1. Looking at 146, 132, 55, which one has the Cα that reaches farthest to the positive end of the dipole of the chain (charges on Cβ: Lys, Arg +1; Asp, Glu -1)?
2. Give me the dipole magnitude in Debye, nearest 20, for the chain about the Cα centre, with unit charges on the beta carbon: positive for Lys and Arg, negative for Asp and Glu.
3. Remind me, relative contact order of the chain in percent, using alpha carbon pairs under 8 angstrom and six or more residues apart?
4. Determine, from the Cβ-Cβ distance of residue 3 and residue 40 and an R0 of 25 Å, the FRET efficiency 1/(1 + (r/R0)^6), rounded to the nearest 0.05.
5. What distance in nm separates the two pseudo spin-label positions at residue 165 and residue 110, each 7 Å out from Cα along the beta-carbon direction?
6. Taking amide hydrogens as modeled 1.01 Å from N in the peptide plane, which residues meet the under 5 Å criterion relative to residue 34, leaving out close sequence neighbours?
7. Using only the Cα atoms of region 3-188, each taken as one equal point scatterer with no solvent, compute I(q) by the Debye sum, divide by I(0), and report log10 of the ratio at q = 0.10, 0.11, 0.15, 0.17 Å⁻¹.
Amino acid sequence: MNQTKRIANNIYEAAAVARMKRVGFQILGNGEESIGEHSFMTAVISYFLAKELHLDTGKVLTMSIFHDFHETRTGDAHKLSLKYITRNQEKANADIFGKVDEELVVLLREYEEKKTIEARVVFEANIIALLVRLKPLAEGGDTHAQKWMMNKSRIRIPEAVRLAAVLLSTDSQEWWADVQKELEEEFKR
């Protein structure tokens, strides 16, 4: 198989992982999120943390985008499942990308090891992305989502801790409050 064909297959696999649903929300019993949606939010958060920490944004964004790609082959496993099963993300990443981009395989191994600041930033952005998804559910009164907010205790990098605290103390609809006021005024006319 030539390189372009391998890349084409990786792109179709990316489309598959983007459609896959994260299983945690099935256990939560409310809401849903695709792995693609989660990876996008993780990348956005990682970008801002990397900028604040003066890290290589290209490296952090690449790690963010691909951090859960292996789940097309290993499945998304909730913490409960991980008490009973093991997944081999490294083998999955090597099988997916080994003949296309060995540097990416190395970068994903770095992420899984969580030893570098870039890997830690992506890991903690991954947790913050969960909190961002849970926040509107908690605001709507979902007590289970409120309980799952305890994931914030897994965040250690001071800048990430600060960002998570601000996100959790900010109304999730505040970002467009000015536009809402303008619309309310317009509707009164």
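1. Highest projection toward the positive end goes to 146.
2. Values: 27 positive and 29 negative charges, 141 e Å.
Dipole about the Cα centre, nearest 20: 680 debye.
3. Details: 185 pairs, mean separation 38.2, N = 189.
For the chain, the relative contact order is 20 percent.
4. Details: r = 27 Å, r/R0 = 1.07.
Using R0 = 25 Å, I get an efficiency of 0.40.
5. Rounded to a tenth, the inter-label distance reads 3.0 nm.
6. 22
7. -0.45, -0.54, -0.95, -1.17
Quick note: the coordinates plus some simple rules give every number you see, no bench work behind them. From a predicted model like this one, the values you see are computed outputs, not experimental measurements. Glycine also receives a Cβ, built like all others from the backbone with ideal geometry; neighbour counts cover every protein chain displayed.
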